[in-house]
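Worksheet: one structure, shown below.
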Amino acid sequence: MDTLIAWILRAIPFGTIIMYGAMGEIITEKSGNLNLGVPGIMYLGGFAGFASAYIYENTAANPNMALCAALALVCAFLASMLGGFIYSFLTISLRANQNVTGLALTTFGMGVANFFGVYILNGRTATQSLVYRTFQTKMPVLSGMGVVGQTVFGYGFMVYVAVVLAVVLHIFLNKTRTGLNLRAIGESPATADAAGISVTRYKYLATCLGAGISGLGGLYYVLDYNQGIWATTGQIEALGWLAVALVIFTTWRPLNAIWGSYLFGMLYWLYQFLPTLLGISVPGYVTDLIQMVPYIVTIVVLVFTSLHKKRESQPPASLGLAYFREER
């Protein structure tokens with residue numbers, strides 16, 4: 001039982017990171033833009049939030065806990081939106097290739113964040129700071145209610161914000177006029193344009209908003225999951241690609257991102273807890289194979305949805321395609 005609880009406690013925070021990345025990419029792809037720069041955007045968000053909180057705490061005479069957390073969230077969101085704006089300008093206004101631009105953004109975001117993270121912050125951590133304690137604070141009373149309290153309420157606030165955000169995005173995309181307009185652009189921008197919907201504006205807003213949401217995943221990784229230590233191991237990049245895979249796994253539905261991200265978390269850490277649960281010893285090469293399970297599951301889902309060709313399980317029809325109004 002203790003091993004199972006430890007597995008859940010490791011999987012849910014891990015899944016929360018990729019849930020933010022996936023939800024941001026879902027919004028972006030619903031507009032028809034395929035942004036493969038999610039890992040770089042998560043790097044930008046993680047660094048901006050970490051650095052802003054660190055600088056504030058070390059310059060203010062009496063730093064405020066709530067203000068410090070709010071500053072980290074706002075800076076992470078804005079820095080990530082800037083990454084989304086760069087992508088939007090290149091792919092929407094200049095009509096650059098979306099795949100190449102996304103990959104370049106990943107490299108750019110990683111390079112910028114690691115340069116400033118390593119050489120300016122000089123490897124300093126936030127483990128003794130207000131912002132780290134704020135992001136790590138568990139729900140009072142509820143988290144102490146036995147096994148249920150530990151596994152359901154024993155996390156920082158951003159875990160629950162992610163779940164609420166997924167529900168909000170589901171309602172937005174399916175129940176609001178703006179969300180339906182966005183989906184229409186992703187399916188047929190020419191038709192939406194003919195109906196009087198501003199394709200360019202929607203694409204810019206969706207891509208920038210999606211990037212901002214994805215960047216929160218990077219912030220959560222640094223200030224909660226990684227215990228307030230700036231990461232230089234490339235782990236954020238790996239999580240960013242997992243977030244992109246999760247978008248396919250969830251068939252572009254925000255609600256599916258909730259259980260899908262936690263399932264990814266369970267599968268990712270399967271190699272560490274499965275031997276203990278089964279009471280067996282696993283060779284190293286088997287461990288490496290088990291770590292491939294989340295990606296294998298994504299491929300299986302992709303093949304399954306492609307064979308059945310159900311429209312509700314397919315990506316937006318114009319995904320990855322630049323829109324030329326003159327060709328309408």
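Before I look further, what does region 195-328 give for accessible area per residue, probe 1.4 Å, in whole square angstrom?
I get 49 Å² per residue for region 195-328.
Scan around Ile229 for amide H atoms under 5 Å from its own, H built in the peptide plane at 1.01 Å from N, and keep only partners 5 or more places away or cross-chain.
Ala126
What number results when the radius of gyration of region 151-223, computed over Cα atoms, is divided by 2.2 N^0.38 Å?
Normalised Cα radius of gyration, region 151-223: 1.39.
If you average over every viewing direction, what projected area does the convex hull of the Cα atoms of region 197-275 give, in nm²?
Over all viewing directions, region 197-275 projects a mean Cα-hull area of 6.9 nm².
List the residue ranges in the chain for DSSP H helices whose C-alpha atoms run 20 angstrom or more along the long axis and whose Kyte-Doolittle average is 0.0 or above.
2-30, 38-59, 65-88, 98-115, 157-175, 199-220, 235-249, 254-268, 293-308
Specify, per residue and in Å³, the volume enclosed by the convex hull of the alpha carbon atoms belonging to the chain.
Expressed per residue, the convex hull around the Cα atoms of the chain is 152 Å³.
Report the accessible area of Trp259, computed with a 1.4 Å probe over the heavy atoms of all protein chains in place, in Å² rounded to the nearest 10.
Around 130 Å² of this residue is reachable by solvent.
Quick one: what does P(r) look like for region 176-328 with 10 Å bins over all Cα pairs, in whole %?
Calculated over all Cα pairs of region 176-328, the distribution is 9, 29, 31, 20, 8, 3, 0 percent.
Can you pull the percent of the chain's accessible area that's carbon plus sulfur, 1.4 Å probe, other chains left in place?
66
Pairs of lysine in the chain with Cα under 24 Å and at least 8 positions apart or on different chains: total?
6
Residues of region 43-96: accessible area per residue at 1.4 Å, in Å²?
Heavy-atom accessible area per residue stands at 45 Å².
The values are calculated or read from the model by the stated rules, or taken from the named source; none is laboratory data. Given the structure is predicted, the values throughout are model-derived calculations rather than measurements. Ligands, DNA and RNA are excluded from the accessible area calculation, which covers all protein heavy atoms including side chains. Shrake-Rupley method; radii C 1.70, N 1.55, O 1.52, S 1.80 Å.
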